[in-house]
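Working notes, structure below.
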Amino acid sequence: MTNETIETMLNHRSIRFFKEETLSDEQIATIVRAAQSASTSSFIQAYSIIGVKDPEKKALLSEYAGNQPYVLKNGHFMIFCADLHRHVLAAEMEDKSAEEILHSLESTEKFIVSVIDASLAAQNAAVAAESMGLGICYIGGIRNELAKVIDLLGCPSHVLPLFGLAIGIPEHTSDLKPRLPYENIYHEESYQPDDDIMKKQLAEYNQIISDYYNSRTAGKRQDRWTQQMVSMLSKRSRMTMDQIVRQQQLMKDERQ
């Protein structure tokens, strides 16, 4: 069972090369309105979107993200932020001191809520953009130099940039990358307890991914998915994240 919306979602692929054509203000507004229509926990709407058009800022963001060229060259670049700053302002407007809400606001739960809200909004934005014939690529690399990104974007306390979204007209369409087996992802009633079955499914998926890379690179690359994951997870990265989250006053030690 399918329809146009589902087909758009099933045909998603990351686009990393865009035509040199900027999005119109109308396109941007449509994408942002679609993002705002996403579900939000308790109507808290704990996120903000920062659109970046300035070529110099985009060049710096590209550098911070590991010199990814598609951060600079795209139709528009958005950064999705966890945002509880406006909720401090809401307290002031309701004649409450910030201290009266900070014990809740700076909790792990509210931080998780803000991350989820931002992620849901971003996925709505991505689907909206793709339905308009545009391509997208999520950019987690902005967290490589998160303190510099915070400074560049002028983020106040209780605001944390999470990831970017490059949007634009695709220069060309990339191949559809195979996902994990359906049975490996979807569990009914309880988590699949049989690790042997899961390993068997992963072994089959390894072959699919290896064949995918082999075909795309004319035999130059044949790595397995489990091989990729172990290699990546063996390296420590972005180990200042906890410090920066606390610096932005989005989470504190709740044992205190």
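Values in this text are rule-based calculations from the coordinates and carry no lab data. Just so we're clear, the structure is a prediction, and the values are computed from it rather than from any experiment. Note that each Cβ is placed from the backbone with ideal geometry, even for glycine, and that neighbours are counted across all protein chains shown.
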Seminar exercise, completed: Among the range 145-185, those whose backbone N falls under 20 Å of a label point 7 Å along Cα→Cβ from Lys235 are 145-147, 163-164
For this session: Taking the Cβ of Leu134 as the centre, find all other residues whose Cβ is under 11 Å away and add up their charges (Lys, Arg: +1; Asp, Glu: -1).
Result: -1
Seminar exercise, completed: Output row, site Thr22, 7 Å Cα→C-beta label point, backbone N cut-off 14 Å, window the range 32-68, residues 51-59
Exercise. Going by how many other Cβ atoms sit within 10 Å of their own, how do Thr8, Thr173 line up, fewest first?
Worked result: Thr173, Thr8
For this session: Filter the cross-link list Lys19/Lys177; Lys58/Lys177; Lys73/Lys148; Lys177/Lys199; Lys110/Lys177 down to pairs whose alpha-carbon distance in this structure exceeds 31 Å.
Result: Lys110/Lys177
Seminar exercise, completed: Stretched fully, the stretch from Ile208 through Leu180 gains (0.36 nm per residue minus C-alpha distance, one decimal, in nm) 9.1 nm
Exercise. So what's the net charge close to Ile101: Lys and Arg +1, Asp and Glu -1, counting the other residues with Cβ under 14 Å from its Cβ?
Worked result: -3
For this session: Pick out the long, greasy-scoring helices in the chain: whole DSSP H runs spanning 20 Å or more along their own axis by Cα, mean Kyte-Doolittle at least 0.0.
Result: 108-131
Exercise. Binned at 5 Å from 0, what are the whole-percent values of the Cα-Cα distance distribution for the range 22-114, short to long?
Worked result: 3, 12, 17, 16, 15, 15, 12, 8, 3, 0
Exercise. Counting other C-beta atoms within 10 Å, which of Ile169, Ile139 has the fewest, and how do the rest follow?
Worked result: Ile169, Ile139
Exercise. Mean residue ellipticity at 222 nm from the helices of the chain, using -39,500 (n - 2.57) per DSSP H segment of n ≥ 4 over the full residue count, to the nearest 500 deg cm²/dmol?
Worked result: -14000 deg cm²/dmol
Problem set entry | Relative contact order, percent, the chain [alpha-carbon distance under 8 Å, six or more residues apart] | 26
For this session: Report the calculated FRET efficiency for Ala59 and Lys220 (r = Cβ-Cβ distance, R0 = 30 Å), to the nearest 0.05.
Result: 0.45
Exercise. Dimensions of the range 182-223 along principal axes (Cα, Å, largest first)?
Worked result: 43, 16, 9
Problem set entry | Loop-located GluC sites (Glu not before Pro) in the range 58-130, at most 13 other Cβ atoms within 10 Å (DSSP) | Glu94
Exercise. Can you give the charge dipole size of the range 182-223 about its Cα centre, rounded to the nearest 20 debye, using +1 on the beta carbon of Lys and Arg and -1 on the beta carbon of Asp and Glu?
Worked result: 520
Exercise. With all pairs of different alpha carbon atoms counted, what Kirkwood hydrodynamic radius in Å does the chain show?
Worked result: 20.5
Exercise. Going by how many other beta carbons lie within 10 Å of each one, how would you line up Phe163, Phe80, fewest first?
Worked result: Phe163, Phe80
